[in-house]
Amino acid sequence: MDPPPGPRLIPGLLLLLLASCPAALAWKRDEFRNCNQTPFCKRARTRAPHSLDAPLSLDAGSLYVTPDGSLTAVLSHPSRLRPLLLRLSALPPHVVRLQIDEDYSANPPPHRRFQVPDVLLSDVEARTLHLSEPKTAGAVSTLALSSDLDVVVKHDPFELTVRRAGSGDPVLSFNSHGLFDFEPLQESKPEGETWEEHFRSHTDTRPRGPQSITFDVSFHGADFVYGLPEHGSTSLALRPTRGPGVEESEPYRLFNLDVFEYLHESPFGLYGSIPFMIAHGDGASSGFFWLNAAEMQIDVLAPGWDGATSTENGRIDTLWMAEAGVVDAFFFVGSEPKDVIKQYISVTGKPSMPQQFAVAYHQCRWNYRDEEDVAGVDSGFDEHDIPYDVLWLDIEHTDGKRYFTWDHSAFPNPEEMQRKISDKGRKMVTIVDPHIKRDSSFHLHEEATAKGYYVKDAGGKDFDGWCWPGASSYPDMLNPEIREWWVDKFSYQSYKGSTPMLYIWNDMNEPSVFNGPEVTMPRDAIHYGDVEHRELHNAYGYYFHMATADGLLKRGEGKDRPFVLSRAFFAGSQRYGAVWTGDNSADWDHLKSSIPMVLTLGLTGMTFSGADVGGFFGNPEPDLLVRWYQVGAFYPFFRGHAHHDTKRREPWLFGERRTALMREAIHMRYSLLPYYYTLFREASLTGVPVMRPLWLEFPDDKETYNNGEAFMVGPSLLAQGIYEDGQKSVSVYLPGKELWYDLRDGSPYKGSVSHKLEVAEDSIPSFQRAGTIVPRKDRFRRSSTQMVDDPYTLVIALNSSSAAEGELYVDDGKSYDFEQGAFIHRRFVFADNKSKEGYC
């Protein structure tokens, strides 16, 4: 949901702009900072390679393998106030961890740098390998990590390279271009120096001075790099942002912001941030993750960016810049890209296993007006033979934007309303945002105030910002005690009118502050442990999502899998639920950009994601809406949603023919629910996403490396969206050597060939890969719950050897009993003209 367009909130006055004024709805670039307006980014971007006055060197005499098996050393320079402590460790099978922070022992500052807690899995330290003593020759030390991987540390100037032990080929390198800079914390402000920063009417006091970190990372053997959600783009691969042939460009920004009607083609940061990048080339895959929740800017550098006449073949250089924090970085090495994803998941956590209903179709709008409207929409789906599983209520269902309440004039009987929906096997979702209305009659506000549970402003008072309720304050979710308090708010005793059939939507949790700098919380606000907001900004929504999911888990006594949708996210958010791509627009460009956005989320752990079908803003042309349903039916998270100023757009409101087309798209999703649920099970075990770029399944096929228009669903299905109005034909590249079979009529198409196909009205091009078996349920019901006892259909697509295989996973669809073995997981094999079934 978007903040009101135009001016935000002026104390005592909410400026309302007419929806009919299109200029008011455009994204206002000047509301947000660019790199030149961000001092740490501007400073870092102006440095040339090896130009720092104080390049850091490693003291060879300080190299030491600690009792826990990690390597420590000291990085120093005579001009530094404090040296830096380096810790190098490794996790199996091919993960290298680099930690660098200031040495506070000799000259401690008033505050220590913030290290993000609760993101890494608790057993990461326990799984750390015991390193052997390094071999030092001259100014170089080498550590053997395994039989096929080692780390080379150059002492002066400091540089680290992860390489393949047998060939000596580098895979990843750190500080190869000498751009590592670590601004020290200051004990006091130097005389005459100003630390304050100004943007528009806002002042950031920066009481602890500049504390940024910059370094370069090089990916060797790479053709492209991917990742760094969230930004809008029609390119799956990250485009270069600096260097020869690159037009003026901003770096990729990671700073969670409420950016309504965002640009579909921009490196600008949106609602979530995951500082994880994957590199892939012919026969090589690697990844880099920096655990840091401060604002980050990342440049992808074009060949020759450093002035060299040539560059190493297959190397991509990147520049990473953060406003604060420490270096806590992970290098991942894989023989194929799925290995890299699995390694990332091994440190940040596996995606949660959703309930069956959550994988089906969701219907949402800002807002369904009242109980009569809810009943009418619910019956409309039945009257038009369109299945759905979840009906959503936005902020207007509350009593004056007070969360955990109901507008009793519009929703006088919320429990009965939910029961009627549940009688058809359906659920409901209500919204709960982090801003709490500052109202002395609101018990939640009074309790949070009395307990001191709000984020503080720079002066130590409860932070008071503006959001939907007007004056609002925000729970300090960094504090575990406050998260536990929030957990209890989802009990049936606390959330009156809620039932076991009600689930939760977290919006505006970047956090969104309408009158704040860049529509968010000031950077000098103070959190638990005297942590500045600038240091944890990108993780605020993560902690809010975590506490909400834990609330539903406790409400269900640990038996009911939570469903919580969040707009903001960070590394590790995959453990707590689903996300979506935010306030998109009803236009063809946003439909097209949704594919690389969802694919990128999947590559970085967030496999349960999707875009608002139809576009949140604006009124989609009927043909665009149909095409969006046909594409959206393949998203992992499939939800129709719209702004309250748009025309109603339930699927039966666009004429009989278009209703039939949208019905068919939704029916297709329901028929494939067994396949999707099986893929979600795989994702919950390995992190390999449900919706995948082509190269994840065909890593040796260079034709797939930057294809952001077609995508795989699991290993068996391929789909190509239609992204232009009135499009008559489309070119579809089908990778691999085997045939592909059209999902509509079974027509065969050769692999490793681009096929020019006529565009059909009733579907988008979609295919099943030869050699696969896809489980389906083809008996249509009102909801997925009513399909539980229906028979399965196995669709067998034979390969050139007249063989095929596939999997089916089944559990009760709702509880955690599967963790105790209460599930069925079958592998199907067809060969020699007969089928076989076995356990997975």
For the condition assigned to a strand (DSSP E or B), assigned by TED's automatic domain parsing to the domain that holds GLN727 and in contact (Cβ under 8 Å) with a residue 40 or more places away in the chain, what is the one hit in HIS755, HIS825?
HIS825
Matching residues in segment 499-553 (in a helix (DSSP H, G or I) and within 16 Å of the chain's Cα centre (by Cα)) number 10
Checking the condition closer than 25 Å to LEU661 by Cα, in a strand (DSSP E or B) and touching a His at 6+ places or on another chain (Cβ under 7 Å), which residue from VAL732, VAL774, VAL795 passes?
VAL732
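Return the residue satisfying two criteria in turn: it lies in segment 373-411 and is part of a loop (DSSP other than H, G, I, E, B) and among the β-branched types (Val, Ile, Thr), and of such residues it is surrounded by the fewest Cβ atoms within 10 Å (Cβ to Cβ).
By that ranking, first place goes to THR405.
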On the given criteria, is SER801 at pLDDT 95 or above, in a strand (DSSP E or B) and more than 28 Å from LEU625 (Cβ to Cβ)?
no
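From the list ASP169, ASP223, ASP216, ASP181, which residue is of a type in the set (D, E, K, R), closer than 30 Å to SER141 by Cα and surrounded by fewer than 17 Cβ atoms within 10 Å (Cβ to Cβ)?
Matching residue, one of ASP169, ASP223, ASP216, ASP181: ASP169.
Restrict the check to segment 780-787 and report whether at least one residue is free of Cβ contacts under 8 Å to residues at least 40 places away in the same chain and either out of contact with any strand residue (DSSP E or B) (no Cβ under 7 Å at 6 or more places or on another chain) or within 30 Å of TYR733 (Cβ to Cβ) (or both).
no
Starting from residues that are in a strand (DSSP E or B) and small (Gly, Ala, Ser), keep the ones in segment 596-613 and report whichever is nearest to TYR635 (Cα to Cα). Step through it out loud before you land on a result.
Going through segment 596-613, the residues in a strand (DSSP E or B) turn out to be 609-610, 612-613.
From what's left, small (Gly, Ala, Ser): 609-610.
Details: SER609: 7, GLY610: 5 Å.
Here the residue is GLY610.
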Here's a check for you: in segment 140-169, which residue that is assigned to a strand (DSSP E or B) and over 28 Å from ARG80 (Cβ atoms) is farthest from the chain's Cα centre (by Cα)?
ALA144
Looking at segment 10-17, can you tell me whether even one residue there is of a type in the set (Val, Ile, Thr), closer than 30 Å to ARG523 by Cα and at pLDDT 80 or above?
no
If ASP216 satisfies every condition in (1) part of a loop (DSSP other than H, G, I, E, B); (2) under 21 Å from GLU102 (Cβ atoms); (3) in contact with a His (Cβ under 9 Å, 6 or more places away or on another chain) but one, which is the exception?
(1)
Look through segment 262-320, keep the residues that are of a type in the set (Val, Ile, Thr) and outside any loop (DSSP other than H, G, I, E, B), and return whichever of them is farthest from GLY572 (Cα to Cα).
ILE316
Would you tally the residues in segment 562-595 being assigned to a helix (DSSP H, G or I) and either surrounded by fewer than 24 Cβ atoms within 10 Å (Cβ to Cβ) or aromatic (Phe, Trp, Tyr) (or both)?
4
Name the single residue that is surrounded by the fewest Cβ atoms within 10 Å (Cβ to Cβ) among those in segment 501-530 being over 19 Å from GLY465 (Cα atoms) and among the aliphatic types (A, V, I, L, M).
MET501
How many residues are under 28 Å from GLU196 (Cβ atoms) and either touching a strand residue (DSSP E or B) at 6+ places or on another chain (Cβ under 6 Å) or not acidic (Asp, Glu) (or both) if we restrict to segment 425-463?
13
Given (1) crowded, with 16+ Cβ neighbours inside 10 Å; (2) under 29 Å from the mean Cα position of the chain (by Cα); (3) not in a loop (DSSP other than H, G, I, E, B), SER763 misses just (3)
Is it the case, given these coordinates, that PRO240 is surrounded by fewer than 16 Cβ atoms within 10 Å (Cβ to Cβ), out of contact with any helix residue (DSSP H, G or I) (no Cβ under 7 Å at 6 or more places or on another chain) and assigned to a loop (DSSP other than H, G, I, E, B)?
no
Would you be able to tell me the number of residues in segment 828-840 that are of a type in the set (S, T, N, Q), at pLDDT 80 or above and either out of contact with any Ser or Thr (no Cβ under 8 Å at 6 or more places or on another chain) or outside any loop (DSSP other than H, G, I, E, B) (or both)?
0
Out of the residues in segment 270-293 meeting the condition of being over 15 Å from TYR226 (Cα atoms) and in contact with a Phe, Trp or Tyr (Cβ under 8 Å, 6 or more places away or on another chain), tell me which one is surrounded by the fewest Cβ atoms within 10 Å (Cβ to Cβ).
LEU291
Which pairs have Cβ atoms under 7 Å, sit 6 or more apart or on different chains, and link a residue in segment 107-121 that is outside the structural domain of ARG575 (by TED's automatic domain parsing) to one that is of a type in the set (Ser, Thr, Tyr) and surrounded by fewer than 18 Cβ atoms within 10 Å (Cβ to Cβ)?
ARG112/TYR104
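Matching residues to (1) acidic (Asp, Glu); (2) assigned by TED's automatic domain parsing to the domain that holds LYS496; (3) over 26 Å from GLU484 (Cα atoms):
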{"site": "THR405", "(1), (2), (3)": "no, yes, no"}
{"site": "ALA410", "(1), (2), (3)": "no, yes, yes"}
{"site": "GLU415", "(1), (2), (3)": "yes, yes, no"}
{"site": "ARG419", "(1), (2), (3)": "no, yes, yes"}
{"site": "ARG426", "(1), (2), (3)": "no, yes, yes"}
{"site": "THR430", "(1), (2), (3)": "no, yes, no"}
{"site": "PRO434", "(1), (2), (3)": "no, yes, no"}
{"site": "SER440", "(1), (2), (3)": "no, yes, no"}
{"site": "HIS443", "(1), (2), (3)": "no, yes, no"}
Going residue by residue through segment 483-495, is there one that turns out to be closer than 30 Å to HIS111 by Cβ, basic (Lys, Arg) and not in a loop (DSSP other than H, G, I, E, B)?
yes
Every residue in segment 62-96 that is in a loop (DSSP other than H, G, I, E, B) and either outside the structural domain of ASP150 (by TED's automatic domain parsing) or within 26 Å of THR348 (Cα to Cα) (or both), please.
THR66, PRO67, ASP68, GLY69, SER70, PRO92, PRO93, HIS94
Given the criterion in contact (Cβ under 8 Å) with a residue 40 or more places away in the chain, among the aliphatic types (A, V, I, L, M), touching a Phe, Trp or Tyr at 6+ places or on another chain (Cβ under 8 Å) and not assigned by TED's automatic domain parsing to the domain that holds GLY640, identify the matching residue among ALA665, ALA719.
ALA719
In this structure, is GLY465 buried (at least 18 other Cβ atoms within 10 Å of the Cβ) and touching a helix residue (DSSP H, G or I) at 6+ places or on another chain (Cβ under 6 Å)?
no
In segment 616-645, how many residues are in a loop (DSSP other than H, G, I, E, B), within 19 Å of the chain's Cα centre (by Cα) and more than 20 Å from VAL564 (Cβ to Cβ)?
1
Would you check if there is a residue in segment 712-720 being in a loop (DSSP other than H, G, I, E, B), more than 17 Å from ILE773 (Cα to Cα) and at pLDDT 95 or above?
no
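The values are calculated or read from the model by the stated rules, or taken from the named source; none is laboratory data. Everything numeric in this text was worked out from a predicted model, so none of it was measured. Every residue, glycine as well, gets a Cβ built from its backbone with ideal geometry; the counts of neighbours run over all protein chains shown.
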